Amino acid sequence: MTITTGVKLRPFIVPSFVFQKVSPRRRQDGFIESPKFALHELDDETLQALCDQFKKDVFEAAEKRRAEANS
C-alpha cells in the first residue's frame, strides 16, 4: 500500500509481540523483561481491542478527531 501526502509514507511497523503490563519493581532488583505474547496467541477480541486502542492513541497523539464512519 502506498499513501501519499506530497511524500510517500511507509505504514506503521506491525509488532510481533505484546507485553504484559506488570507492577513496577525496585531498581536494585535489576531489569526483568515483562512476559510477552505472540500476536497469534491472542484471541480475536483481545487483538481487536488492542488495535482499537492503538488507533485511538495515534489520533490523540496527532491531536486529530477521527470520523465515526472511519472508526
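Some points to look at:
- Near pairs, Cβ below 6 angstrom, 6+ apart or cross-chain, from the stretch 1-23 (within 13 Å of LEU47 (Cα to Cα)) to any residue that is modelled with pLDDT of 95 or more and not charged (D, E, K, R): PHE17/ALA38; VAL18/PHE37
- Taken as a whole, the structure leaves PHE37 outside the set of residues that are part of a helix (DSSP H, G or I), surrounded by 10 or more Cβ atoms within 10 Å (Cβ to Cβ) and not polar (S, T, N, Q).
- If you check ASP57, ASP52, ASP43 for being modelled with pLDDT of 90 or more, acidic (Asp, Glu) and surrounded by 11 or more Cβ atoms within 10 Å (Cβ to Cβ), only one passes: ASP52.
- Of the residues making up the stretch 9-27, just one is outside any strand (DSSP E or B), aliphatic (A, V, I, L, M) and surrounded by 10 or more Cβ atoms within 10 Å (Cβ to Cβ), namely VAL22.
- Among the criteria (1) at pLDDT below 95; (2) touching a helix residue (DSSP H, G or I) at 6+ places or on another chain (Cβ under 7 Å), the one ILE32 does not fulfil is (2).
The values are calculated or read from the model by the stated rules, or taken from the named source; none is laboratory data. Computed from a prediction, not measured in an experiment: that's the story for all the values here. Cβ sites come from the backbone with ideal geometry, for glycine too, and all protein chains shown count toward neighbours.
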